[in-house]
Amino acid sequence: MKKIILSLLAVATFGTANAQETSNEAGFAKGDLFISGAFSFSTSKTGDFKVNSFEVAPKVGYFVTENIAIGGSIGYQSNKLDFDGEDVANTGLGLGAFGRYYFTPASKFSLFAELGVNYTSFDNEYFIIDGELFAPETSVESKEIGFGLGFGMNYFVSSNFSIEAGVGVLGYASNDNGGDGADKTNTFSFGGDWRAVTFGVNYKF
């Protein structure tokens, strides 16, 4: 009986230690590297206009301290329009940098605040104005710079994978609309739009 009790205690102790070790593997620590980002494809048709949209935007981050991560992103997007057999596309290439502060990085669940800046160059081959297609003889290049503040969370489902969700609460963007004397479009936004929460998967190295 004594041997059985000792054996059960040994198994319980080992199981507890193993569970603690597994739990400690989840979460972030100084020196960790992670990747996330966005990928999407959609198609829509309105009247004679059919648009195929594609976007890919990987993001990489690195923990410089226990709570602070910095990183960068690169993105490409394309909106290809088919109108009466004519194919034109608006494309964009962007670069970004961000910084995050994690409140409880070593836990399986952690909230973070993110401050980011993005620069995007657009190559516009068409415009839709009042429901009509306008395609200039040469494409119009426009540039946009934006700043944003948001909040998010990570929940680790394993030692390396976490589910990530985020929402923007403050943003500013300025688009030169092609320059050459064109009026800029300045956009300011405030307040979290909970209908626009983003979800993704985060992988930690």
Considering the options Ser42, Asn154, Gly61, tell which one lies farthest towards the positive end of the dipole of the chain, charges being +1 on Lys and Arg and -1 on Asp and Glu at the Cβ, about the Cα centre. Asn154
What three numbers, in Å, describe the spread of the alpha carbons of region 107-168 along their principal axes, ordered from the longest? 56, 22, 21
Set of region 163-205 residues, backbone N closer than 20 Å to the point 7 Å along the Cα-Cβ line of Val157: 163-167, 197-205
Sequence-separation-based contact order of region 33-115, relative, with Cα cut under 8 Å and 6+ spacing, percent: 23
What's the percent breakdown of Cα-Cα distances in region 94-205 across 10 Å bins, shortest bin first? 12, 32, 27, 18, 9, 1
With charges set only on the Cβ (+1 for Lys and Arg, -1 for Asp and Glu), what does the dipole of region 142-205 come to about its Cα centre, in debye to the nearest 20? 280
How much accessible area per residue does region 29-152 have, in Å², with a 1.4 Å probe? 58
Given the convex hull over the Cα atoms of region 19-99, what projected area results after averaging over all orientations, in nm²? 7.7
At 10 °C and a viscosity of 1.306 mPa s, what translational diffusion coefficient does Stokes-Einstein give for region 67-142, taking Rh as the Kirkwood radius over Cα pairs? Give it in µm²/s as a whole number. 103
Whole-percent carbon and sulfur share, accessible surface of region 30-73, 1.4 Å: 62
Counting Lys and Arg as +1 and Asp and Glu as -1, each charge on the Cβ, what is the dipole of region 98-202 about the Cα centre in debye, to the nearest 20? 920
Measuring from the longest principal axis of the C-alpha atoms of the chain, the long axis of helix 2-25 (C-alpha) lies at a number of degrees, nearest 10, equal to 20
With an 8 Å cut-off on Cα pairs and a minimum separation of 6 or more residues, tell me the relative contact order of the chain in percent. 16
Assigned charges on the beta-carbon of Lys, Arg, Asp, Glu; the chain dipole about Cα centre (debye): 1820
What pairs from Lys30/Lys108; Lys30/Lys59; Lys80/Lys143; Lys80/Lys184; Lys50/Lys184; Lys59/Lys184 go past 26 Å between their alpha carbons? Lys50/Lys184; Lys59/Lys184
For a quick protection proxy, order the peptides 32-41, 182-191, 109-118 by their average other-Cβ count within 10 Å, most packed first. 109-118, 32-41, 182-191
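The values are calculated or read from the model by the stated rules, or taken from the named source; none is laboratory data. Just so it is clear, the model here is predicted, and its values are computed rather than measured. Virtual Cβ from ideal backbone geometry, glycine too; neighbours counted across all protein chains shown. For accessibility, only protein heavy atoms count, side chains too; no ligands or nucleic acids. Shrake-Rupley method; radii C 1.70, N 1.55, O 1.52, S 1.80 Å.
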